[in-house]
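Asker: The structure follows.
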Amino acid sequence: MATRSGTPEIAYTVRRSSRAKRVRVNVQPHAESRSVGVEVVLPQRAPERAAAAAVRELRPWIERRVSEAQEAIATLAARAGTVPYLGRSLTLSPQAGRTRVHRDGDRLLVPATDPRAALERFYRRSARAEVARRLDAATALTGRPYRDLHIRAQRSRWASCSAEGRMSFNWRLLLAPERVLDYVIWHEVCHLEVLDHSPRFWVLLARRWPGYRADREWLRRHGATLVL
């Protein structure tokens, strides 16, 4: 179907949320189906027509995000039996009878059947070691210790730092380039000193991790590819 201007309409789904304070549009790639979904989140009392209005208003932004999501799907399709690990490409080597992933140089020995669950366990174990080493080094430099470390699989966050200094990091960060992981670690280390995202925080981050904007943009643009 096309609009009056002749351009095709954007297909979208609508979800109502009791927590939503305003109309929100999400664009997400679906790796398994190799498709891109556009979702409009409406507050409970918002009229249905608010969804169509939001899509019309945000059309240029939606089209850019859809293009980026399609690029992410193409990246996933091009892996062909490999997985990324902090900027390196590791080849998957299926082995019958294996239940646990083992790394052998640039190879990952994986179960012969669907290895994703075993791969996630491997990445979770590896993430604890990779993050802890970097986090310890960064906090030693700043003199701001953290309380404890958790490795999680947050759906909407890459990391977090509580007021008590509890650190949480998403294991999927190991699928990103090493510099991106380092950026996220320094982002959270700066929160030990400035908990909010005030101008003071960004000045502090720029001093401790120059060029953070490029890493933040990489994560925004390519974060959807950080899946197994």
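Asker: With every protein chain present, what accessible area does Glu178 have (1.4 Å probe, heavy atoms only), rounded to the nearest 10 Å²?
Answerer: 90 Å²
Asker: Let's test the formula: R0 of 25 Å, r as the Cβ-Cβ distance of Arg208 and Ser156. What FRET efficiency results, to the nearest 0.05? Please list the in-between numbers first.
Answerer: Details: r = 25 Å, r/R0 = 1.00.
The calculated FRET efficiency here is 0.50.
Asker: On to the next question. log₁₀ I(q)/I(0) of segment 95-220 at q = 0.09, 0.10, 0.14 Å⁻¹, via Debye over equal Cα point scatterers, no solvent, to two decimals?
Answerer: Calculated log10 I(q)/I(0) at the listed q: -0.30, -0.36, -0.65.
Asker: Sorted from largest down, what three extents in whole angstroms do the Cα atoms of segment 111-152 have along their principal axes?
Answerer: Taking max minus min along each principal axis of the Cα atoms, segment 111-152 gives 47, 14, 7 Å.
Asker: Further question on the same structure: Suppose each label sits 7 Å from its Cα in the direction of the beta carbon; what would the His197-Arg107 distance come out to in nanometres?
Answerer: 4.4 nm
Asker: Can you give me the P(r) profile for segment 70-115? Cα pairs, bins 5 angstrom wide beginning at 0, each as a whole percent.
Answerer: Using 5 Å bins, I get a P(r) of 6, 22, 26, 23, 14, 8, 2, 0 for segment 70-115.
Asker: Here's something else I'd like to know. Once you have the alpha carbon radius of gyration of the chain, what is it after dividing by 2.2 N^0.38 Å, with N set to its residue count? Mind showing how you got there, number by number?
Answerer: Working: Rg = 20.4 Å, N = 228, 2.2 N^0.38 = 17.3 Å.
Cα-based Rg divided by the globular estimate yields 1.18.
Asker: Same structure, new question: What three numbers, in Å, describe the spread of the alpha carbons of segment 1-107 along their principal axes, ordered from the longest?
Answerer: 56, 35, 24
Asker: A further question on this structure: Computing the accessible area with a 1.4 Å probe over protein heavy atoms, can you report the carbon and sulfur percentage for segment 53-199?
Answerer: Working: 3870 of 7760 Å².
Solvent-exposed carbon and sulfur of segment 53-199 make up 50 percent of the total.
Asker: Using a 7 Å offset from the Cα along the Cα-to-Cβ direction at both Arg19 and Gln70, what is the distance between the two label points in nm, to one decimal?
Answerer: Placing both labels 7 Å along Cα→Cβ, they lie 3.2 nm apart.
Asker: Where only protein heavy atoms count, and the probe is 1.4 Å, what is the accessible area per residue for the chain in Å²? Working shown, then result.
Answerer: Details: 13280 Å² over 228 residues.
For the chain, the per-residue accessible area is 58 Å².
The values are calculated or read from the model by the stated rules, or taken from the named source; none is laboratory data. Since the model is a prediction, treat every value here as computed from it, not as a measurement. Don't worry about glycine lacking a Cβ; one is built from the backbone with ideal geometry, like all the others, and counts go over all protein chains shown. What goes into the accessible areas is simple: the full protein's heavy atoms, side chains included, and nothing from ligands, DNA or RNA. Shrake-Rupley method; radii C 1.70, N 1.55, O 1.52, S 1.80 Å.
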